[in-house]
Amino acid sequence: MRLEELPKIYGPETLSLMDSALEQAWRELKSRGDVVDAKLARSRLTTTIVALASVGETDSAKLKRFALQASSRTSRI
């Protein structure tokens, strides 16, 4: 799912910081060379970021960090 496809419950500022966190996390994950299934990996990052934003987290750096941590706890994606 692309972030712009989310229901309109997030304002433009929140969507922008979520998108920034996703892109930064994606670049970092790809640079590690561990990505086997790009679609699944990106989906997992997105899911984590959306879940955190839905409970009020709005710090882009934290969103990125937690998404990467969640990805590292799963098997190679």
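Here are a few things to note about the model shown:
- Counted residues, the range 19-36 - those being of a type in the set (Gly, Ala, Ser) and farther than 13 Å from PHE66 by Cβ: 3
- Residues satisfying the stated conditions in the range 41-61, i.e. surrounded by fewer than 13 Cβ atoms within 10 Å (Cβ to Cβ) and either more than 19 Å from ILE9 (Cα to Cα) or in contact with a strand residue (DSSP E or B) (Cβ under 8 Å, 6 or more places away or on another chain) (or both): ALA61
- Top-ranked residue of the range 62-77 - restricted to ones that are among the charged types (D, E, K, R) and over 24 Å from ILE9 (Cα atoms), ranked as modelled with the highest pLDDT: ARG73
- Among the residues of the range 24-39, those identified as over 22 Å from TYR10 (Cβ atoms), among the aliphatic types (A, V, I, L, M) and surrounded by 13 or more Cβ atoms within 10 Å (Cβ to Cβ) are LEU29, VAL35.
- Any hit, the range 63-77, residues being more than 14 Å from LEU22 (Cβ to Cβ), in a loop (DSSP other than H, G, I, E, B), in contact with a Leu (Cβ under 9 Å, 6 or more places away or on another chain) and not acidic (Asp, Glu): yes
The values are calculated or read from the model by the stated rules, or taken from the named source; none is laboratory data. These numbers come from a predicted model, not from an experiment. All Cβ positions, glycine included, derive from the backbone under ideal geometry; neighbour counts span all protein chains shown.
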